[in-house]
1. Hey, ILE389 hits all of (1) assigned to a loop (DSSP other than H, G, I, E, B); (2) crowded, with 17+ Cβ neighbours inside 10 Å but one; which does it fall short on?
2. Given the criterion of a type in the set (Phe, Trp, Tyr), in the same structural domain as ALA239 (by TED's automatic domain parsing), closer than 13 Å to ALA242 by Cβ and buried (at least 23 other Cβ atoms within 10 Å of the Cβ), identify the matching residue among TYR194, TYR190.
3. Take segment 516-531 and flag every residue that is crowded, with 20+ Cβ neighbours inside 10 Å and either at pLDDT below 95 or assigned to a helix (DSSP H, G or I) (or both).
4. Going by what's in this entry, would PHE336 be described as in a helix (DSSP H, G or I), modelled with pLDDT of 95 or more and not basic (Lys, Arg)?
5. Kindly provide the set of residues from segment 80-90 that are of a type in the set (A, V, I, L, M, F, W, C) and within 25 Å of GLU479 (Cα to Cα), ordered by number.
6. Please indicate, with yes or no, whether at least one residue in segment 422-432 is surrounded by fewer than 20 Cβ atoms within 10 Å (Cβ to Cβ), in contact with a Lys or Arg (Cβ under 9 Å, 6 or more places away or on another chain), in a helix (DSSP H, G or I) and without any contact (Cβ under 8 Å) to a residue 40 or more places away in the chain.
7. Given the residues ALA462, ALA467, ALA446, which is the only one that is in a helix (DSSP H, G or I) and more than 26 Å from the chain's Cα centre (by Cα)?
8. Output yes when any residue across segment 38-49 is without any contact (Cβ under 8 Å) to a residue 12 or more places away in the chain and either small (Gly, Ala, Ser) or surrounded by fewer than 15 Cβ atoms within 10 Å (Cβ to Cβ) (or both), and no when none is.
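The values are calculated or read from the model by the stated rules, or taken from the named source; none is laboratory data. Predicted model only: the values in this text are computed from it and were never measured. Cβ atoms come from the backbone with ideal geometry, glycine included; neighbour counts cover every protein chain shown.
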Amino acid sequence: MTAELRLRAEVARAARAIGAPDGFAPALDRPRDPSHGDWATNAAMALAKPLGKKPQDIAKALLAAMDPAAAGVAESSIAGPGFINFRLDSGHLASGLMAVLEQGAEFGRNSTGSGKPVNVEFVSANPTGPLHVGHGRQAALGDAIASLLAYGGWNVTREFYYNDGGGQIERLRDSVYAHIAGIPLAADQYHGEYVKDVATACVADLAAARGLTAAAVTALVRANWASDSALRDAVRMFAVAALRAEQDADLRAFGVKFDVYYLESSLYTEQRVAETIEALKAAGHAFMEDGALWLRTTDFGDDKDRVMVRSAEKGGEPTYFVPDVAYHVTKWKRGFTRAIDVQGSDHHSTVTRVRAGLQALEMGIPKGYPEYVLHQMVTVMRSGEEVKISKRAGSYVTVRDLIDEVGRDAVRYFFIMRKGESQLVFDVDLARSQSEDNPVYYIQMAHARLSGIFRVGNIDPATITGAGVAWDTLSQPEERELVKALLDWPSLVAGATEALEPHRVANWLLETARTVHLWYHKHHVLDEPPEIMTARLALAKASRIVLANALGVLGISAPERM
């Protein structure tokens, strides 16, 4: 049992002794000012109403009923209207590091998810070009959320939804054709250099398949484009496949792997969109108006009803939210009773519509399905100026640009370090710098310094087990604060998982790295008396373990040298 749990149990026991109602569970929090103690509780105020007494009087009664030794309490005091502050005995506090040393890479994991399935869908870019920095933020955020859930015992499936149909794909096809035919691109077509590369590769592929020269293929395409739908389909399929491969290469460079790639086109070829429309009509929430088929989404919290299928005059096609509904039905039928979609903030308007459509199907899907994590876009800055275009993509900065310039670890950390709903400024100069101002460099340097202690001392970390350690020697203020930070990791990561907020892990890493650096600079390890050296080696190893665990959740490496 950790020091926190022992203290909580003792406060609860004392509360029952003075008449607290059954099931009373005291809260424990870290005081904002460490000088006030290691833990604080508002139990006295929470009990004021049920006990009919003043919080100050209850706080005194609680302290009188407690056994300080059982909870490892060295000092306690009452503050303000009835808060109780506790300072733990140094040995009692530091002994919690045994759990870190014993559990190693498993320290902080929990079984909250109980192996239940969860689908995390993210990136899901149209295969019309390289991944831009907005996709990169989503990749880092989605991958970290998936890692958090796996850390919390969920059975996670990472899914990429390919929007391989619609007008954007036709524009891609026509953009490739324009390069092949040597005609100017239209304003709304794709102008990046990558399209020219796709066109060149497409000509080579068609030439090899048909036994023709490149010049003959070019002439064939020019002459038959308008009349040969099979040729147009061949160009479209080649372009989509080429850019899917391009995006996959971007994701590999970013260290992101998916378990499932789901094609939007399959929703049509397998009749899932048509089936969903018929099911919505059968459920009684659809109606015709002005030649279009509508869904009465106002029955499910929307501000107005939405068109499901456009009128014949407007093409007679389903509107964009209908395949999204059909797609989420497949998730539900695949057994994902929990699904999380990580998307850009520009998808905000689709949330209510998709959920309304799922509710209207009356399949027992809960109101909050799927869960959405929306993120703001990214502004890239270099030398104090915004960077807006890529040499290759033309109109935007790509993920690969950033990875090539500053490295995968820096890109991942910078994309995660702010809450998703916050605007993010990516400072290339800061991300490249090897200084304390660069947060990911600073965090990784903390891990490298801890590793260096063992390397310089020619000590195998595996020999540090915590056996026989005099934990009470870890009594310096910097040591106590570092111990507390490490032991807070399980609750920190559990809270980040529940809230789907990996930036909490990024912030915890930065604060804990500061504590590591402060301890490292103020206290020697290797040239101390054996009792102190052994205890500090245990603290160094525990710090190394927890930093590596937290970096791993974010998909960032924990280097031993820098």
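1. Tallying (1) assigned to a loop (DSSP other than H, G, I, E, B); (2) crowded, with 17+ Cβ neighbours inside 10 Å, ILE389 fails exactly one: (2).
2. After ruling out the rest, the residue left standing is TYR190.
3. Result: VAL516, TRP519, TYR520.
4. no
5. Within segment 80-90, ILE84, PHE86, LEU88 meet the criteria.
6. Looking through segment 422-432, none of the residues is surrounded by fewer than 20 Cβ atoms within 10 Å (Cβ to Cβ), in contact with a Lys or Arg (Cβ under 9 Å, 6 or more places away or on another chain), in a helix (DSSP H, G or I) and without any contact (Cβ under 8 Å) to a residue 40 or more places away in the chain.
7. Details: ALA467 fails: in a helix (DSSP H, G or I); ALA446 fails: more than 26 Å from the chain's Cα centre (by Cα).
Every option except ALA462 fails the conditions.
8. yes
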